[in-house]
Amino acid sequence: VSVWSNATFAVEAYVIYSSNITGEFGMQFGVPAGATGSWSGAGWGRAVPASVGTDGWSVRMNENSITQNRTYGGDTTDDTVHAKGIVITTGTAGTFSLDWAQAIVDAGATTVRTNSYIKLTRVA
(Lines give C-alpha, C1' and ligand atoms only; values in the text may rest on other atoms or scores of the structure.)
Protein backbone atom coordinates (compact mmCIF):
# COMPACT_ATOMS: atom_id res chain seq x y z
CA VAL A 1 0.00 0.00 0.00
CA SER A 2 1.43 3.40 -0.92
CA VAL A 3 1.62 5.89 1.97
CA TRP A 4 2.22 9.64 1.96
CA SER A 5 4.87 11.46 3.95
CA ASN A 6 3.95 13.29 7.17
CA ALA A 7 0.72 11.35 7.66
CA THR A 8 -0.87 9.03 10.23
CA PHE A 9 -2.70 5.87 9.18
CA ALA A 10 -4.84 3.40 11.11
CA VAL A 11 -3.84 -0.15 10.15
CA GLU A 12 -6.15 -3.15 9.96
CA ALA A 13 -5.16 -6.58 8.70
CA TYR A 14 -7.02 -9.87 8.53
CA VAL A 15 -4.56 -12.62 7.70
CA ILE A 16 -5.72 -16.16 6.94
CA TYR A 17 -2.76 -18.52 6.92
CA SER A 18 -1.93 -22.18 6.79
CA SER A 19 1.19 -23.50 8.45
CA ASN A 20 2.04 -26.76 10.11
CA ILE A 21 2.72 -26.94 13.84
CA THR A 22 6.51 -26.96 13.48
CA GLY A 23 6.82 -24.11 10.99
CA GLU A 24 4.42 -21.70 12.72
CA PHE A 25 3.76 -18.27 11.17
CA GLY A 26 5.81 -15.07 11.52
CA MET A 27 4.65 -11.63 10.43
CA GLN A 28 5.63 -7.99 10.62
CA PHE A 29 4.96 -4.80 8.71
CA GLY A 30 7.34 -3.05 6.34
CA VAL A 31 7.30 0.76 6.41
CA PRO A 32 9.09 3.68 4.73
CA ALA A 33 12.34 4.89 6.34
CA GLY A 34 11.75 6.83 9.54
CA ALA A 35 8.14 5.71 10.05
CA THR A 36 7.02 4.89 13.60
CA GLY A 37 3.95 3.32 15.17
CA SER A 38 2.74 0.17 16.83
CA TRP A 39 0.46 -2.81 16.28
CA SER A 40 -1.00 -5.78 18.08
CA GLY A 41 -2.50 -8.96 16.77
CA ALA A 42 -4.92 -11.51 18.13
CA GLY A 43 -3.96 -14.91 16.84
CA TRP A 44 -3.23 -18.46 17.80
CA GLY A 45 -0.48 -18.86 20.42
CA ARG A 46 2.77 -20.66 19.68
CA ALA A 47 3.52 -24.32 20.29
CA VAL A 48 -0.13 -25.29 20.72
CA PRO A 49 -1.05 -28.90 19.93
CA ALA A 50 -3.02 -29.42 16.74
CA SER A 51 -5.96 -30.79 18.69
CA VAL A 52 -7.69 -28.08 20.73
CA GLY A 53 -9.35 -29.40 23.86
CA THR A 54 -12.20 -28.15 26.01
CA ASP A 55 -10.12 -25.23 27.32
CA GLY A 56 -10.25 -23.50 23.92
CA TRP A 57 -7.46 -21.68 22.10
CA SER A 58 -4.27 -20.10 23.36
CA VAL A 59 -4.15 -16.48 22.14
CA ARG A 60 -1.15 -14.18 21.76
CA MET A 61 -1.70 -10.42 22.04
CA ASN A 62 1.25 -8.04 22.39
CA GLU A 63 1.83 -4.36 21.65
CA ASN A 64 4.70 -4.17 19.17
CA SER A 65 6.67 -1.50 17.39
CA ILE A 66 5.35 -1.21 13.82
CA THR A 67 8.23 -3.24 12.33
CA GLN A 68 8.52 -5.86 15.08
CA ASN A 69 8.09 -9.50 14.08
CA ARG A 70 5.65 -11.71 15.98
CA THR A 71 5.11 -15.46 15.72
CA TYR A 72 1.76 -17.23 15.76
CA GLY A 73 1.06 -20.96 15.98
CA GLY A 74 0.50 -23.35 13.13
CA ASP A 75 -2.16 -26.02 12.91
CA THR A 76 -3.47 -28.63 10.53
CA THR A 77 -6.22 -26.20 9.38
CA ASP A 78 -6.36 -22.50 8.44
CA ASP A 79 -5.79 -19.99 11.24
CA THR A 80 -6.13 -16.20 11.42
CA VAL A 81 -4.40 -13.16 12.86
CA HIS A 82 -6.48 -10.03 13.40
CA ALA A 83 -4.05 -7.09 13.59
CA LYS A 84 -4.64 -3.41 14.28
CA GLY A 85 -2.26 -0.54 14.75
CA ILE A 86 -1.04 2.86 13.69
CA VAL A 87 1.77 4.02 11.43
CA ILE A 88 3.13 7.56 11.37
CA THR A 89 5.25 8.57 8.41
CA THR A 90 7.80 11.37 8.56
CA GLY A 91 9.31 13.14 5.57
CA THR A 92 9.50 9.94 3.52
CA ALA A 93 6.64 8.54 1.46
CA GLY A 94 6.82 4.91 0.42
CA THR A 95 5.26 1.49 0.75
CA PHE A 96 3.56 -0.18 3.72
CA SER A 97 3.56 -3.98 3.47
CA LEU A 98 2.74 -7.17 5.33
CA ASP A 99 5.90 -9.28 5.47
CA TRP A 100 5.50 -12.93 6.45
CA ALA A 101 7.29 -16.28 6.46
CA GLN A 102 7.64 -19.47 8.44
CA ALA A 103 8.82 -18.68 11.94
CA ILE A 104 10.86 -21.89 12.14
CA VAL A 105 12.42 -23.46 9.05
CA ASP A 106 10.41 -26.54 8.15
CA ALA A 107 9.74 -28.60 5.02
CA GLY A 108 5.98 -27.98 5.30
CA ALA A 109 4.32 -25.19 3.34
CA THR A 110 3.28 -21.87 4.89
CA THR A 111 0.68 -19.97 2.89
CA VAL A 112 -1.29 -16.73 3.23
CA ARG A 113 -4.75 -17.49 1.89
CA THR A 114 -7.12 -15.75 -0.48
CA ASN A 115 -9.48 -13.27 1.24
CA SER A 116 -6.79 -11.99 3.58
CA TYR A 117 -6.61 -8.20 3.48
CA ILE A 118 -4.77 -5.16 4.72
CA LYS A 119 -6.41 -1.75 5.04
CA LEU A 120 -4.90 1.63 5.84
CA THR A 121 -7.09 4.62 6.63
CA ARG A 122 -5.52 8.06 6.86
CA VAL A 123 -6.50 9.62 10.19
CA ALA A 124 -4.18 12.67 10.28
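Residues of the chain were split at every exposed loop site, defined as chymotrypsin sites (Phe, Trp or Tyr not before Pro) in a DSSP loop with at most 15 other C-beta atoms within 10 angstrom, and the longest piece left, sites excluded, is 58-124.
For the set E12, E24, E63, solvent exposure ranked by accessible area (probe 1.4 Å, protein chains only) runs largest to smallest as E63, E12, E24.
Only Lys, Arg, Asp and Glu carry charge here, each on its Cβ (+1 for the first two, -1 for the last two); on that basis the chain has a dipole of about 380 debye about its Cα centre. The heavy atoms of R70 present about 50 square angstrom of accessible area, all protein chains included, probe 1.4 Å.
Would you mind calculating the gained length between V123 and I86 on full extension (0.36 nm times residue separation, minus the Cα-Cα distance), in nm to one decimal? Numbers along the way, then the final one.
Details: separation 37, 0.36 × 37 = 13.32 nm, distance 0.94 nm.
Length difference between fully extended and current span is 12.4 nm.
Of the accessible area of the chain, computed with a 1.4 Å probe over protein heavy atoms only, carbon and sulfur atoms account for 52 percent.
The values are calculated or read from the model by the stated rules, or taken from the named source; none is laboratory data. The structure displayed is predicted, hence computed values, not measured ones. Note that each Cβ is placed from the backbone with ideal geometry, even for glycine, and that neighbours are counted across all protein chains shown. All accessible areas refer to the heavy atoms of the entire protein, side chains included, with ligands and DNA or RNA removed. Shrake-Rupley method; radii C 1.70, N 1.55, O 1.52, S 1.80 Å.
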